[in-house]
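Please treat every number below as a calculation from the coordinates, not as lab data. Just so we're clear, the structure is a prediction, and the values are computed from it rather than from any experiment. Virtual Cβ from ideal backbone geometry, glycine too; neighbours counted across all protein chains shown.
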Amino acid sequence: MKKIGKLLILLCALSFAESKTSAQVSIGVGISVRIAPPALPVYVQPACPVEGYMWQPGYWAYDDDEGDYYWVPGVWVAAPQPGYLWTPAYWGYEGDVYVFHAGYWGPHVGFYGGINYGYGYVGHGFYGGRWEGEHFRYNAAVVNVNTTIVHNTYIDRTVVNNVTVNNRASFNGPGGVNERPRPEEEQAMREQHIQPTAEQISHRQAARQDKSQFAKVNNGRPAAVAMDKPGGRPIDEHGQVAVNSKLGNPNAGAARNTATNPANGQRPVNNTAPQQQSPQQRSLQQSRQANPGQQRNLQQQQANPNQQRNTQPQQANQTPQQRQQQRAQQLRMQQQRRIQQQRQQQRPKQQDNPPRDKPQVQ
């Protein structure tokens with residue numbers, strides 16, 4: 001009787017282990033659709049916003065309620081832990097239907113249908129960077145990074161830099177990509193995995209709520225094909241901010257400084273504290289307030305420094321003859337000013353008694 005009990009326990013343990021292994025191999029198998037997903041859109045990858053973020057390629061998801069595919073933009077996301085890489089989602093043709101295989105995190109990149117998503121995901125493996133300890137190094141020849149922000153980079157031009165995806169097929173199977181998992185990919189599929197993070201799930205849900213992301217609305221060309229981060233700036237196929245998209249925040253990451261860039265004609269805000277004046281500065285300010293006429297002359301001299309330098313040459317460099325000539329010139333100028341003043345005083349009298357042979361101008 002004891003032998004029979006031990007045998008039953010052993011059979012149950014083997015059955016549980018087999019079901020666990022099968023679940024790991026078929027991880028992420030979900031929705032099945034009878035219509036093939038649209039082709040992959042061609043787009044420019046936004047720059048990585050911060051070190052440690054990983055690239056998740058954009059993909060077509062399916063909404064049962066709408067009965068249509070919608071585009072989940074490619075996005076930079078944080079890895080759940082150091083050393084883990086992202087295996088993208090893909091569609092596979094299986095038994096007259098297209099089955100969705102969700103993406104996952106793992107120590108190695110598994111099989112993603114042989115789909116050429118570009119930017120390091122060329123169909124098998126990932127060539128956009130590698131982990132070195134707890135830090136990720138980016139291959140700047142493959143992915144878009146701003147080296148002023150991201151410093152952990154290297155360049156490996158031996159891999160294909162698929163900026164433009166030539167094969168735009170978005171599913172595995174007849175009419176799409178005919179690829180099978182490689183031995184290393186099958187091994188990676190049996191490793192311990194981590195499901196998409198909360199950020200990735202929220203990112204997909206936001207795309208589902210934007211009607212412009214659905215294929216029946218955009219005809220396979222979504223307004224937002226990529227984002228620099230979840231909830232960040234939506235990017236169009238040309239790498240510019242997608243103005244027709246409701247995703248994210250178009251102004252995210254754009255620095256706003258009302259103190260130096262006033263909007264709507266408003267004056268900049270002066271948040272600096274007043275500087276303390278020395279006794280000499282206070283004395284000079286009091287003398288200026290007591291002699292406003294002198295202050296106006298000083299302002300005119302400051303507004304015309306060239307004229308000041310021309311009319312007041314340095315006395316130390318002049319000879320007595322030059323100073324006498326300058327004095328005579330000043331007297332002539334004063335006499336000319338008096339003559340002009342006298343002429344201006346005579347003009348009103350001439351206007352009161354105009355010549356009779358000339359009509360008055362009304």
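For the reader, a short list of remarks on this structure follows.
- 5 angstrom amide H check on Gly239, placed H, neighbours 5+ away: Val44
- Percent of Cα-Cα distances greater than 30 Å, calculated over region 21-235: 16
- Working value for region 112-224: equivalent-ellipsoid semi-axes of 26, 21, 18 Å, each the square root of 5 times a Cα gyration tensor eigenvalue, largest first.
- Qualifying chymotrypsin sites (Phe, Trp or Tyr not before Pro) in region 97-139, DSSP loop, other Cβ atoms within 10 Å at most 10: none
- Neighbour-limited loop hits for GluC sites (Glu not before Pro), region 119-194 (at most 10 other Cβ within 10 Å; DSSP other than H, G, I, E, B): Glu134
- Over the C-alpha atoms of region 170-209, the Rg to Rh ratio, Rh being the Kirkwood estimate, stands at 1.14.
- The magnitude of the dipole of region 21-235, with charges of +1 and -1 set on the Cβ of Lys/Arg and Asp/Glu and taken from the Cα centre, is near 460 debye.
- Distance (nanometres) between label positions extended 7 Å along Cα→Cβ at Met333 and Ile149: 6.0
- Charge tally for Val109 (other residues, Cβ to Cβ under 15 Å; Lys, Arg +1; Asp, Glu -1): -2.
- Placing +1 on the Cβ of every Lys and Arg and -1 on the Cβ of every Asp and Glu, with nothing else charged, gives region 81-204 a dipole about its Cα centre of roughly 280 debye.
- When you count the other C-beta atoms within 10 angstrom of each residue and take the mean per peptide, 235-246, 84-95 line up highest first as 84-95, 235-246.
- Which of Pro82, Gly133, Val122, positive extreme of dipole for region 21-235 (C-beta unit charges): Val122
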